[in-house]
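Right, one structure below, let's go through it.
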Amino acid sequence: MGAAAVRPAGPGSRSRRGRSVPGEFQHSRLLAAALQEVSQRGFAHTSASHIIARARVSRATFYELFDDRDDCLAALFEQAVTQLAAAAAPAYASKGTWPARLRNALAALLAFLESERELGAFALACIAGDGQIHPRLRARVLERLRGAVEDGRRQARAGGETSPLAGELVVAGVVAVIHARLQRARPLSDLCNPLMSMIVLPYLGLAAAARELHRAPSHPPVLRPVRARGALDGFEMRVTYRTALVLSAIAELPGASNVAIAQRAGVSDQGQISKMLVRLAGLGLLENTGTYSAGAANAWHLTPTGGALVSELARRFATTEPARRRRHDGCTTQAL
């Protein structure tokens, strides 16, 4: 609801330290796994072991990046809030009256939540107090939301009195309504007018609330999916989740053999991993520095182009992966 980009710092968390490209990739995979586990199991029944198993990383890798399960969920919340703010903040920062700017921001936020319901449900649960998130993280987000709503106090009707608790009550009500809709898998598109009416009522009065209730529906820009490409000039290929896992494994284990890469990437079929490595080498992403003698193991390294692709994937995962559901059931993958 018009909050500026919020990046609350967790208490002493290692998840916000500088990371290498492979570390960033693993970090993003763990956040994606955490979102899926919490969405399916709930906060209370999600453990670090569940997240590790879904992300298919080692326990050591998890604890290199996070202190514990709560630290991982705090990082996921931080990322979710940043994405929510990125959707709404530009609209709220535009020119116009407070109701007009707030309406545009709310419409943009609802459109984002409609397209990213799993991420939205997680974030709203945390903001509403249902999620097990450090209180300071939640308090900072609520403070930003109340600030956007309290801007209406300066436009309050002449001679009117507004309760000092108005902003707090309005934010709590808006969060509760959206959270309930997300939990029940109901559409969000029809919430803009009723929520705007509720927001402006304590500041601008009944007439303004009635106008907001009956306004024509807003039409925010369509959110387009992000493709895993962009930074690589002249390079185009369909990158599956398994391809990303293989490239990440080689980034983490330069000089690794086919067997070691297959184990790290979770590929059980040695014929499949051999064909994939040859294909990626043919695309100029990998090179084999093995001796090619009989019985000698291959030694795979990323080329500069392969390293650039891993960097691009890490960046894309950091902004889109938690909000995207993936299938990975042995043979079937979904393009990133």
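Computed quantities for the displayed model
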{"read-out": "Test for ALA86: is it among the small types (Gly, Ala, Ser) and modelled with pLDDT of 90 or more", "value": "no"}
{"read-out": "Qualifying residue in region 195-204 (condition: surrounded by 14 or more Cβ atoms within 10 Å (Cβ to Cβ), of a type in the set (A, V, I, L, M) and assigned to a loop (DSSP other than H, G, I, E, B))", "value": "no"}
{"read-out": "Pairs, first assigned to a helix (DSSP H, G or I) and surrounded by 12 or more Cβ atoms within 10 Å (Cβ to Cβ) in region 176-191, second basic (Lys, Arg) and modelled with pLDDT of 85 or more, C-beta under 8 Å, six or more apart", "value": "LEU182/ARG117; LEU191/ARG181"}
{"read-out": "Failed condition for ALA228, given (1) at pLDDT 85 or above; (2) surrounded by 15 or more Cβ atoms within 10 Å (Cβ to Cβ); (3) in a loop (DSSP other than H, G, I, E, B)", "value": "(1)"}
{"read-out": "Residue match in region 26-43 (condition: more than 23 Å from HIS134 (Cα to Cα) and free of Cβ contacts under 8 Å to residues at least 40 places away in the same chain)", "value": "no"}
{"read-out": "Residue satisfying all of: in region 31-44; within 19 Å of the chain's Cα centre (by Cα) and assigned to a loop (DSSP other than H, G, I, E, B); surrounded by the most Cβ atoms within 10 Å (Cβ to Cβ) among these", "value": "PHE43"}
{"read-out": "Meets criteria (assigned to a helix (DSSP H, G or I), in contact with a His (Cβ under 8 Å, 6 or more places away or on another chain) and surrounded by 23 or more Cβ atoms within 10 Å (Cβ to Cβ)) for LEU124", "value": "yes"}
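Results for (1) modelled with pLDDT under 90; (2) assigned to a helix (DSSP H, G or I); (3) farther than 27 Å from VAL267 by Cβ, shown as yes or no for each residue.
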position	(1), (2), (3)
ARG29	yes, yes, no
THR46	no, no, no
THR61	yes, yes, no
ARG101	no, yes, yes
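The values are calculated or read from the model by the stated rules, or taken from the named source; none is laboratory data. Treat the numbers as computed from the prediction; the structure is a model and nothing was measured. We place every Cβ from the backbone using ideal geometry, glycine too, and count neighbours over all the protein chains shown.
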